[in-house]
Amino acid sequence: MKSSKNNVYTVSRLNGEVRQLLEGELGKVWLEAEISNFVSPNSGHWYMTLKDSRSQIRCAMFKGRNQSVPFKPVNGQQVLVKGSISVYEPRGDYQLLLESMLPAGDGLLAQQYEALKLKLAAEGLFATETKRPLPQNIQRIGVITSATGAAVRDVVKVLSTRDPSIEVVIYPTQVQGTSASKQIISAITTANKRLEVDVILLTRGGGSLEDLWCFNDEDLAHAIYNSALPVVSAVGHEIDTTISDYVADVRAPTPSAGAELLSDDKGNKTQKLNLTFSRLRQAMRHYLLHQSTLLTELSHQLQREDPKRQLQQLEQRFDEMQLKLESAMQYKLSNAALKQQRLKGQLQQQSPAHKLTLEQNKVSYLSNRLNDAMKTRLTNANQQVSYSAHQLETVSPLATLSRGYSITRDGKGNILQDAKQVKTGEILTTQLNQGEVKSVVS
């Protein structure tokens, strides 16, 4: 129950106020980290953990936001994200609500550019009322650029055509690379110390965001803002916009256009028109930037009170419960499947068909043993018969007959061993190895 004392909180009230405090104070943050524990339930929302080597934070990216992400995140992927800090009240966990996501490395320069632009705008470096007017009668122009680049040739060509009386003082610097911004700052400082020119033209040709990056330096922005001499920024082409363009007193779309702004033509009408358009464009940029900042602040304030945020909390809670339910059901189904397999195995062991198979295997085994035993017994019996026959043959009288001996019997069949056993006229039978011979005793 909620206490009547203001300093006694319920858990729900505390989490709600912590959420509003975090959302109101920190606002948007950029974060580079590794994705882990990524899940995408049927609702279409994304939930994940972003981590580095020592810490991690829970994140949510709702369907309306993640539809603009050009790739499907995977665990282990390095990403650059933008989001706002919030609190998931049911658990009291603080989390990051993601609004955009890029692969790590992609868009990092663009993010740094936008962050610096917002910071310098808040400091007033882009304010229209601080812009210095260009001199009415320009006699000498200080050009800060590469001494060998195409930009300086374009500037000199335009000035020699439109107003050959204008002198050009070149402050040669690098206009690309890590040391370029420091050289440009040094050139601006030199021009302000010497006071030998009426205006500074900071220029170079077009290029990629990386090529023009030295013109997005914070120290260079302050050097341009603090310059006593008016500064015209003519960096890149019409589509290229750098921090130096916002800070400079006048922005020209190209090096040639910058030279035209600083030189007279017939009746000076074109110069005045170009200058008016340039100031109008710069004023519009400043106004739009200011309105964009105001819109961001109002949008952030609206988010804190927006019922949609409460709905997102409920959707996240629903997704969380759905994932838990799916996990519990999967666990339950896995256990049921294991139990079914175990019971199926037990049933198969007790099944009559299983027992019949075992008995059939046993009968087959015993039958094979019986056949083997019978074969062994017959083999042994044959060997014994052969042996006995051999032994019998050894003592057989027939064997003696085969060696040339004979057996004589009297009429009664008695074997005669003595001549006295016979009488005259008695018929004797003599058995030879082959056949018999009948004889009469004389």
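Couple of notes before you dig in:
- When the surface is traced with a 1.4 Å probe over the full set of protein chains, ILE170 keeps roughly 70 Å² accessible.
- Once backbone amide H atoms are built at 1.01 Å from N, VAL87 has GLN95 as its partners under 5 Å, excluding neighbours fewer than 5 places away on the same chain.
- Helix-only arithmetic for the chain: the sum of -39500 (n - 2.57) across DSSP H runs with n ≥ 4, divided by the residue total, places the mean residue ellipticity at 222 nm at -16000 deg cm²/dmol.
- In the complete set of protein chains, residue-level accessible area for LYS423 is approximately 150 Å², probe 1.4 angstrom.
- Only protein heavy atoms count here; under a 1.4 Å probe, TRP30 has an accessible surface of about 90 Å².
- Taking only protein heavy atoms and a 1.4 Å probe, the accessible area of the chain is 55% carbon and sulfur.
- Summarising the strand pairing of the chain, around 65 percent of its internal DSSP beta bridges are antiparallel.
- Per-q log10 I(q)/I(0), segment 73-179, q = 0.10, 0.11, 0.18, 0.23 Å⁻¹ (Debye; single scatterer per alpha-carbon; no solvent): -0.62, -0.70, -1.09, -1.21
- In sequence order, segment 97-103 has phi-based couplings of 8, 7, 10, 8, 8, 9, x Hz under the Karplus curve 6.51 cos²θ - 1.76 cosθ + 1.60, θ = phi - 60°, and Gly or Pro positions carry x.
- For segment 283-442, projected area of the alpha-carbon convex hull averaged over all directions, nm²: 31.0
- Taking every DSSP beta bridge that has both ends in segment 77-202, the antiparallel portion is near 50%.
- Karplus-based coupling profile of segment 292-298, in residue order and whole Hz: 5, 5, 4, 4, 4, 5, 5, with θ = phi - 60° in 6.51 cos²θ - 1.76 cosθ + 1.60 and x standing for Gly or Pro.
- Take the chain with all the other protein chains still there, run a 1.4 Å probe, and you get 62 Å² of accessible area per residue.
- Loop-resident sites, segment 104-183, for GluC sites (Glu not before Pro), counting at most 14 other Cβ within 10 Å (DSSP): GLU123
- Accessible area per residue (1.4 Å probe, heavy atoms of protein chains only) ranks HIS290, HIS354 as HIS290, HIS354, with the largest value leading.
- Share of pairwise Cα separations in the chain, more than 28 Å, in percent: 72
- Heavy-atom SASA rank of LEU21, LEU14, LEU96 (probe 1.4 Å, accessible area, largest first): LEU21, LEU14, LEU96
- Selection from ALA373, SER263, ALA110, by position along the positive dipole direction of the chain (Cβ): ALA373
- When +1 charges are put on Lys and Arg Cβ atoms and -1 charges on Asp and Glu Cβ atoms, the dipole computed for the chain relative to its Cα centre reaches about 2220 debye.
- Point-charge dipole on Cβ atoms (K/R +1, D/E -1) for segment 302-442, about Cα centre, debye to 20: 300
- Folded to 0 to 90 degrees: helix 108-122 orientation relative to the chain principal axis, Cα: 30
- Whole-Hz ³J(HN,Hα) from phi, Karplus 6.51 cos²θ - 1.76 cosθ + 1.60, for segment 40-55, glycine and proline x: 9, x, 5, 5, x, 6, 10, 10, 7, 10, 9, 9, 10, 6, 10, 9
- Using only side-chain charges placed at the Cβ, +1 for Lys and Arg and -1 for Asp and Glu, the dipole size of segment 17-147 relative to its Cα centre rounds to 320 debye.
- Note on segment 307-442: dipole from Cβ charges, positive end direction compared against PRO397, LEU314, GLN340; the farthest Cα belongs to LEU314.
- These residues, TYR9, TYR225, go from largest to smallest accessible area, 1.4 Å probe, as TYR9, TYR225.
The values are calculated or read from the model by the stated rules, or taken from the named source; none is laboratory data. The structure presented is a predicted model; accordingly, all values stated were derived computationally and were not measured. All Cβ positions, even for glycine, are placed from backbone atoms using ideal geometry, and neighbour counts span all protein chains on display. Keep in mind that these areas ignore ligands, DNA and RNA; they rest on the heavy atoms of the full protein, side chains included. Shrake-Rupley method; radii C 1.70, N 1.55, O 1.52, S 1.80 Å.
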